[in-house]
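Beneath this line is the structure, given in structure tokens, with notes to follow.
Nothing in this text is a laboratory measurement; each read-out follows from the coordinates by a stated rule. Since this is a predicted model, take the numbers as computed values, not measurements. Every residue, glycine as well, gets a Cβ built from its backbone with ideal geometry; the counts of neighbours run over all protein chains shown.
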Amino acid sequence: MNSISEFQHFIKQHDQLHIGTESDNTAPCLNISGYSGVVEYLPEELVITLRAGTTIRQVNAILGDQNQALIFQIKDLDQTIGEVFSCSGAQFSDSVLGVQIINGNGEVMNFGGRVLKNVAGYDVSRMLVGSQGKLALITEVSLKVLPKKFALEFYEGVSESGKRSELDKRLFDGLKKIFDPKGVFV
Amino acid sequence: MKFIDELLRELPEDIVLIGEENTRPYECDALTIYRQKPLAIVLPRNVEQIKYVLKICKDNKIPIVTRGAGTGLSGGALPLEGCVVLGLSKMDKIHSIDPKRAVATVDPGVRNLAISEAVESHGLYFAPDPSSQIACTIGGNIAENAGGVHCLKYGLTVNNIQSITMLTLDGQEYKLSREDKGLGLLALMNGSEGLLGVITQVEVKLMKKPIFAKLIMAGFDSVADCANAVTLIIKSGIIPAGLEMMDSFAIQASEEFTHAGYPVDARALLLCELDGDKEQVEIEINQIKELLSNASTLKVSADEAERLLLWKGRKSAFPAVGKLSPDYYCIDGTIPKRHLASVLEQISKWSDQYKLRVANVFHAGDGNLHPLILYDASVEGEVEKTEAFGLEILKLCVEVGGTITGEHGVGIEKLDGMCHQYNDQELSVFHQIKKVFDPDELLNPGKAIPVLHRCVELGRKMHPHNGNLPQPELENI
């Protein structure tokens, strides 16, 4: 399974599924780690668009050839950019410019873009950072990149702690319903 | 009136403005072609007063337009008919400065520049610097995700906010922080144009002031050469603190206005600022000089006074152009930089066709264009013509892979442009997001996201007459 139409089909075929590389036993696994590679990269734009299954190792190699890098360094080189996107916080979302997603109804949508500045519409692409595969399947990510010497910071990830208030829950549930009305992504 | 009486029951009289005279100053923001008087303006001094306004408005189903300094360029703070303008300019306290963590906690009505002034003694500053920074407020900056000339290197507002405290319409306080796990709601609030909540407190990230800065000014015989220079600089691995471009009309207007010493014969001008430690800056200046071998004129600022003077020309470009025409209309599209020359050429062709002059200034480093269309609102049909021209430019920006707005926001002005950038499904997602945060749809309703009808009808939409825009919440059928 390695194309948008196959992912759409898989999502439409299932009442429940789990986005990731390992099944959690409750639902079939939608693993898109084979969906990798560069969609567009022009070093002078400081923007790279990647398929979500691209590993950090691959990203570093592609950018490194042009003496550029992600805005911070990620230690786990085998993680895919989709995994990093789904489990990160503000430090990562600082570099996010746009996404292509497939929602719970199997529909493809695009938010944000491939330019450094874009305030048209709510910032859905940054909002989805940290959504842990519960709202939508992230298929493509556009990121701001920098010349290597600027990327000094190490990526820290987000802490596991943090309790959720009633309002947190209400907002999460409300937002999940928008993207995944039938509760496909578990 | 019952509603006003209710407001006055718990609010001091001096913070509630009603009536023709008192409401006039609030009838528009910096996009002055659209005007509408609100029912009332409330200028709260504390969070309790904001909560009270929200409650009374919710009970009476009165829309609320939150406003900072009213410097927005897209009509985001334009009052809606029968609305309350919630003006936060009196909430202007800086609560604390923590130089160690490089953060400051401030009220939403604190001016952008006031933050940098307050932390200057610690060697710090707040990086986002929209041209209106002397007046605009931090709350407004967040609402628009404001940019400025230095965001290529130092980021947008969203990248420089540590946390915010906001109120939902039902008065619940909600804190969002960069440390949060889960959905990126802090990022979502940035650029949400007052449609999702009311920001009551902000923790801003501060940056170390650069020790040294120099500006290179280069004139070119063609726009293409100048655009090419931008690409060469970025490719070389240098990230300038600012990288701005102006076309010949903008150069001449600015020079006449500020006498900064701009080369008036040049077809395009590049301003490139380097900052950091002195040695590094000198090295980069030399590198860039070599990259600019195509330039017809080249000047490096000799001292701080000259650097600021050269910037002054650019920063005064809008008023300078404003002096040459009764009215001007500022466009805010952003494009991939590689299309700069071709997009400019097309704008110039349209300029001839529409018989409307255009001066171009850009944040070239991030591809953010600001074509200024000169027009005269008193000439019949010219406002419509200007808006049609503007929409052509925005459509072109989307076609080449860009966006209709880089930093000014959609507001009321770019609702039609939104129809070109997003499809119905995507727009529907935006509408649903609003409903999750604001089920009553009372926070700045009708702004930022077009109703789907509007997009369907766009082809045969009526244009505004004499500067009066049909209300966006009304269906355009």
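Among B:420-430, B:129-139, sorting by the average number of other beta carbon atoms lying within 10 angstrom of each residue, highest first, gives B:129-139, B:420-430. With a/c under 1.5 counting as rounded, go ahead and sort the protein assembly as shown into rounded, prolate or oblate using the C-alpha gyration tensor (a ≥ b ≥ c being the square roots of the eigenvalues; past the cut-off, prolate if a/b is larger than b/c, else oblate). Note, shape of the protein assembly as shown comes out rounded. Please list, in order along the stretch B:157-167, the HN-Hα scalar couplings obtained from phi with the Karplus expression 6.51 cos²θ - 1.76 cosθ + 1.60 (θ = phi - 60°), rounded to whole Hz, x for Gly and Pro. Along the stretch B:157-167, the couplings run 4, 4, 7, 10, 10, 7, 7, 9, 10, 10, 10 Hz.
The distance linking the stretch B:144-170 with the stretch B:385-424 is 22 Å (Cα centroid to Cα centroid, whole angstrom). Listed as lacking a disulfide-compatible partner in the protein assembly as shown: A:CYS29, A:CYS87, B:CYS28, B:CYS57, B:CYS83, B:CYS136, B:CYS151, B:CYS226, B:CYS272, B:CYS330, B:CYS397, by the criterion of no other cysteine Cβ under 4.7 Å. The charge dipole of the protein assembly as shown, taken about the Cα centre with unit charges on the Cβ atoms of Lys, Arg (+1) and Asp, Glu (-1), comes to about 600 debye, rounded to the nearest 20. Restriction of the GluC sites (Glu not before Pro) in the stretch A:1-90 to DSSP coil positions whose beta-carbon has at most 12 other beta-carbons within 10 angstrom yields A:GLU22. Judged by the gyration tensor of its Cα atoms, with axes a ≥ b ≥ c, chain B is oblate; a/c meets the 1.5 cut and b/c is at least as large as a/b. Axis of helix B:278-291 versus longest Cα principal axis of chain B: the two differ by about 70°, to the nearest ten degrees.
Working note: 222 nm ellipticity from helices only, DSSP H runs with n ≥ 4, each -39,500 (n - 2.57), summed and divided by the residues of chain A, gives -7000 deg cm²/dmol to the nearest 500.
Working from Cα positions, state the angle (0 to 90°, nearest 10) between the long axis of helix B:382-399 and the longest principal axis of chain B. On a 0 to 90 degree scale, this one is about 70. Across the cross-link table entries A:LYS169/B:LYS100; B:LYS209/B:LYS312; A:LYS182/B:LYS175, which are compared at the Cα atoms, the separations over 23 Å belong to A:LYS169/B:LYS100; A:LYS182/B:LYS175. The trypsin sites (Lys or Arg not before Pro) of the stretch B:301-349 that DSSP puts in a loop, and whose beta carbon has at most 16 other beta carbons within 10 Å, are B:LYS323. Take each residue in A:126-135, count the other chain C-beta atoms within 10 Å of its C-beta, and the mean is 4. What whole-number distance in Å separates the alpha-carbon centres of the stretch B:283-312 and the stretch B:66-100? Between the Cα centre of the stretch B:283-312 and that of the stretch B:66-100, the gap is 37 Å. Look at where the Cα atoms of the stretch A:85-142 and of the stretch B:201-216 average out, and the two centres are 28 Å apart. Look at the stretch B:328-338: the mean tally of other chain Cβ atoms within 10 Å of its residues' Cβ atoms is 3. Averaged over peptide B:399-411, the number of partner chain Cβ atoms lying within 10 Å of each residue's Cβ comes to 4.
Sequentially through the stretch A:140-157, phi angles give Karplus couplings (6.51, -1.76, 1.60; θ = phi - 60°) of 9, 10, 9, 10, 7, 10, 9, x, 3, 5, 8, 8, 8, 5, 8, 6, 9, x Hz, Gly and Pro residues having no value and appearing as x. Couplings 3J(HN,Hα) of the stretch B:349-363, computed from phi: 5, 4, 4, 5, 4, 7, 6, 10, 6, 10, 10, 10, 10, 9, 8 Hz, in residue order, whole Hz [Karplus 6.51 cos²θ - 1.76 cosθ + 1.60, θ = phi - 60°; x for Gly and Pro].
The alpha carbon gyration tensor of the stretch B:77-213 gives principal lengths a ≥ b ≥ c with a/c of 1.5 or higher and a/b greater than b/c, which makes the shape prolate. What is the angle, in °, between the Cα long axis of helix B:248-258 and the longest principal axis of the Cα atoms in chain B? Nearest 10 is fine, range 0 to 90. Helix B:248-258 and the main axis of chain B meet at about 80 degrees.
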